[in-house]
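Below: the structure, in structure tokens.
The values are calculated or read from the model by the stated rules, or taken from the named source; none is laboratory data. Owing to the predicted nature of the structure, the values given are computational and were not obtained by experimental measurement. When we count neighbours, we look across all protein chains shown, and the Cβ atoms used for this are built from the backbone with ideal geometry, even at glycine.
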Amino acid sequence: MDIKIQKKEVHEFVKKLSHVHWFAIGGFLILAISIGYISWYGYHRFQDLSGQIVALQSNLASTSQNFQNNLIQTQKNLATNIQQNVGDIQNKLGDYQQQVGNLSGTLNTLQKLSKTDPQLLEKYSKVFFLNENYAPAELVEIPSDYKYSDLKHPQLSTQVWPYMKRMLDDALAANVKIFVFSAYRSFSEQSALKGQYKVIYGSGTANSFSADQGYSEHQLGTAVDFITSGLGGQLDGFDATASYNWLIANAYRYGFILSYPKSNSYYVFEPWHWRFVGVKLATDLHNANQNFYDWDQRTIDAYLVNLFD
Ligand SMILES: [Zn+2]
């Protein structure tokens, strides 16, 4: 009974719905489906776009990292290249400075050589001859404190005197007295002296201890005969004095050598006769335990540039 009534009520309700109502319902359904579709499509599209954005972000990050890496590498390469170039330039500058240094060294050597009298390192003895017109460039008289007798006026090369003075001052500071007995002798003075010796000793004996004019180191102005107190004004016996021993041990430091040592083949032993040859040559001779006249002239000439160093 109740069901029948309900069916009847529904049927009546449907009959009551006009065409307008059906149209409205249809419209509503179409709208609902459309909204559903649009939502579904929009959702998937959003998902796609999100994925693309993530991919783009990832690409961007990767590209940015690569760019940074490249930039750092480029900076490093650039810095390395600059350093290499600067290094090359510095090397070249160094080479140029070296060349300029070498040239100025050569020029300096030439200037020194042009100002240095080559005769000052020549060997003069029975074999080697010095021109009769030769005279030292400049002479200075040895002050009275350094010479043996006020009656004599020994002169020495002006360039050599500072070395001599320092040597004699240092000897005196060590309580060793050394005096200059004679120094420069001109060609004619040497000639006169040799003449006197020949008269006194005969030419054979005189030749063994006194050089002929032109062969004497005394004409150079760089050689001296030393004496000390206690010998009665004689040169003989000088080798038995403390002065001689001090000179043997120290003279080379001041550029002086013993020209005619014991058992030399040029003259008799002359312990009093010392010649300036420069500190370098005197030192090398001393260290080699050799004598000036034992070395050949070419070896000795190489020291000319250092004569007054
Ligand atoms: Zn002498």
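General remarks:
- Selection count, the range 266-299, where residues are more than 14 Å from the ligand (Cβ to nearest atom) and in a strand (DSSP E or B): 0
- Spans of strands (runs of 3 or more DSSP E) in the range 137-243 with at least 1 residues β-branched (Val, Ile, Thr) and modelled with pLDDT of 95 or more: 139-141, 179-182, 223-227
- Residues satisfying the stated conditions in the range 169-198, i.e. under 14 Å from Ile227 (Cα atoms) and either within 15 Å of the ligand (Cβ to nearest atom) or touching a strand residue (DSSP E or B) at 6+ places or on another chain (Cβ under 8 Å) (or both): Ile178, Phe179, Val180, Phe181, Ser182, Ala183
- For Arg253, the stated conditions do not hold, so it cannot be described as within 16 Å of the ligand (Cβ to nearest atom), within 22 Å of Gln119 (Cα to Cα) and surrounded by 15 or more Cβ atoms within 10 Å (Cβ to Cβ).
- Selection from the range 272-308 of residues that are within 19 Å of Leu168 (Cα to Cα) and either in contact with a strand residue (DSSP E or B) (Cβ under 7 Å, 6 or more places away or on another chain) or surrounded by fewer than 12 Cβ atoms within 10 Å (Cβ to Cβ) (or both): Trp272, His273, Trp274, Arg275, Phe276, Val277, Ala282
- Here the condition is being surrounded by 10 or more Cβ atoms within 10 Å (Cβ to Cβ) and under 30 Å from Leu258 (Cα atoms); of Phe129, Phe67, Phe46, it holds for Phe129 alone.
- Tally of residues being within 15 Å of the ligand (Cβ to nearest atom) and of a type in the set (S, T, N, Q) across the range 152-168: 2
- Those residues of the range 149-158 which are in contact with a Gly (Cβ under 9 Å, 6 or more places away or on another chain) and over 16 Å from Gln234 (Cα atoms), in sequence order: Gln155, Leu156, Ser157, Thr158
- Going through (1) in contact (Cβ under 8 Å) with a residue 12 or more places away in the chain; (2) farther than 18 Å from Val305 by Cα one by one, Leu281 falls short only on (2).
- Taking each residue of the range 213-229 that is not assigned by TED's automatic domain parsing to the domain that holds Ile257 and within 11 Å of the ligand (Cβ to nearest atom) and looking for partners that are of a type in the set (Ser, Thr, Tyr) and modelled with pLDDT of 95 or more with beta-carbon atoms closer than 6 Å, six or more apart or interchain, yields nothing.
- When each of Asn133, Asn102, Asn108 is tested for being out of contact with any strand residue (DSSP E or B) (no Cβ under 6 Å at 6 or more places or on another chain), part of a loop (DSSP other than H, G, I, E, B) and on the phi < 0 side of the Ramachandran plot, the lone residue that passes is Asn133.
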